[in-house]
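Step one of this worksheet: look at the structure below.
What follows draws every value from the coordinates through simple rules; no lab data is involved. Being a predicted model, the structure only gives us computed values, none of them experimental. Glycine also receives a Cβ, built like all others from the backbone with ideal geometry; neighbour counts cover every protein chain displayed.
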Amino acid sequence: MAERLTRSTVVARAASLADETGLDQLTITKLGRALGIAPPGVYRHVTDLDDLRSAIGQQAAREAAAVLSAACAGLSGADALTALATSLRVWGAEHPGRYAALQIAPDPEDADGQAVADGLIAVIASALRAYRLTGDDLTDAIRLLRSTLHGFVALEQAGGFKQPRDVDLTFARIVASLDTMLTGWSS
């Protein structure tokens with residue numbers, strides 16, 4: 001007997017398919033085929049492609065939060081920052097479709113999406129607690145961190161680093177520079 005489809009099983013399969021083909025290549029038709037059902041059957045579980053991408057983003061945020069939290073457990077300062085950055089880079093490489101969905105901010109009226117996103121931001125803030133940042137300083141520091149890491153991960157995934165310099169050494173230097181900036185951060 002086939003497994004009964006639920007929204008969570010449909011979203012999980014969609015997330016895997018997005019990792020295989022790319023989030024931008026994910027369609028309801030392709031998902032229906034992957035699930036072994038007619039595409040209209042997918043609409044019993046998701047409203048449309050935007051709803052599906054939002055659900056993948058929420059799943060990605062929960063997964064990333066768990067991975068980053070585990071990586072940073074018991075660490076602080078530069079060690080926590082390095083663990084956070086490295087774990088996000090590795091997770092993004094292993095799950096490129098989910099990583100792409102993670103970059104789509106939830107709609108402000110989407111309470112569930114906002115709660116999941118806030119959970120991920122809380123993990124990042126916790127990893128930065130040794131820098132003693134609060135309020136706008138913390139918000140700006142998280143935005144700096146996310147922007148910098150996303151730029152690196154996106155370029156790496158797109159094959160944007162062709163020079164002979166070891167990419168891991170560059171990444172380590174970027175993270176060390178972030179530590180220096182965050183250590184002296186003040187508004």
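For the reader, a short list of remarks on this structure follows.
- A cut-off under 12 angstrom between Cβ atoms defines the neighbours of G32, and their net charge, with Lys, Arg +1 and Asp, Glu -1, is +4.
- Relative exposure of H45, H150, judged by other C-beta atoms within 10 Å (fewest first): H150, H45
- Between 0 and 90°, nearest 10: helix 167-183 axis offset from the chain longest Cα axis: 60
- Choice from Q163, Q58, Q25 with maximal GNM fluctuation in the chain (Cα, 10 Å cutoff): Q163
- Annotation note: chymotrypsin sites (Phe, Trp or Tyr not before Pro) in region 156-187 located in DSSP loop regions with a Cβ neighbour count of at most 15 within 10 Å are F161.
- Neighbours of T9 by Cβ distance under 13 Å: Lys/Arg scored +1, Asp/Glu scored -1, total +3.
- Across region 150-155, coupling constants 3J(HN,Hα) worked out from phi with the 6.51/-1.76/1.60 Karplus curve, θ = phi - 60°, read 5, x, 5, 4, 5, 5 Hz, and Gly and Pro carry x.
- Note on the chain: GNM, Cα springs under 10 Å; of G97, G135, G32, the largest mean-square fluctuation is that of G135.
- Per DSSP, loop chymotrypsin sites (Phe, Trp or Tyr not before Pro) in region 1-101 with at most 16 further Cβ within 10 Å: Y43
- Burial ordering of L138, L149, fewest other beta-carbon atoms within 10 Å first: L138, L149
- Sorting S186, S177, S126 from the fewest to the most surrounding beta carbons within 10 angstrom yields S186, S177, S126.
- P(r) tail fraction, the chain - alpha-carbon pairs more than 25 Å apart, %: 41
- For D179, net neighbour charge (Lys/Arg +1, Asp/Glu -1) across residues whose Cβ lies under 15 Å away: +2
- Scanning the chain for GluC sites (Glu not before Pro) in DSSP loops with at most 10 neighbouring Cβ atoms within 10 Å leaves 4-108 as the longest stretch between them.
- In region 149-187, trypsin sites (Lys or Arg not before Pro) in a DSSP loop with at most 16 other beta-carbon atoms within 10 Å: K162, R165
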